[in-house]
Amino acid sequence: MSPTSETSAPAAERLRLTVATTDSLSEIVVLDARGRYVDRGFGPKHTFELEPGIYRVKVLAGTEFQEKPVVLTGGSHDVQF
């Protein structure tokens, strides 16, 4: 029997998404294109390491929220709320 060699798939590229808000108490939620939870952080500024793709970023402050679509393709991206 010959020895088998394991080859691991290359790690997916991670891109930086920096979200800045005006409220230091805001919650920042990242959802994927299907609306599934990916990650969260807290304001006023948080940086996420994400795979390339389409995301929705929600910022919740008290009972109000804002939402923006984000397409991560290459490099780093900044979103301001």
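Which residue, of THR63, THR21, is surrounded by 14 or more Cβ atoms within 10 Å (Cβ to Cβ) and out of contact with any Asp or Glu (no Cβ under 9 Å at 6 or more places or on another chain)?
THR21
Within region 66-81, count every residue that is in a loop (DSSP other than H, G, I, E, B), closer than 21 Å to THR22 by Cα and open to solvent by 80 Å² or more (accessible area, probe 1.4 Å). Steps first, answer last, please.
If we filter region 66-81 for residues that are in a loop (DSSP other than H, G, I, E, B), which is where we start, we get 73-76, 81.
Imposing the further condition that a residue be closer than 21 Å to THR22 by Cα reduces the set to 76, 81.
Next cut, open to solvent by 80 Å² or more (accessible area, probe 1.4 Å) only: 76.
Total satisfying the criteria: 1.
If you take the residues in region 46-60 that are open to solvent by 40 Å² or more (accessible area, probe 1.4 Å) and part of a strand (DSSP E or B), which one is farthest from SER26 (Cα to Cα)?
ILE54
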With the requirement that a residue be closer than 15 Å to ALA12 by Cβ and aliphatic (A, V, I, L, M), what does region 25-53 give you? VAL38, LEU50
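When you look at ARG14, is it at pLDDT below 95, open to solvent by 90 Å² or more (accessible area, probe 1.4 Å) and touching an Asp or Glu at 6+ places or on another chain (Cβ under 7 Å), yes or no?
yes
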Here is a check on your reading of the model: is ARG40 at pLDDT 95 or above and of a type in the set (Lys, Arg)? yes
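The values are calculated or read from the model by the stated rules, or taken from the named source; none is laboratory data. Quick caveat: nothing in here was measured; it's all calculated off a predicted structure. In this analysis, Cβ positions are derived from the backbone assuming ideal geometry, glycine residues included, and neighbour counts consider all displayed protein chains. Remember, those area values only see protein heavy atoms, side chains included, never the ligands or the DNA or RNA. Shrake-Rupley method; radii C 1.70, N 1.55, O 1.52, S 1.80 Å.
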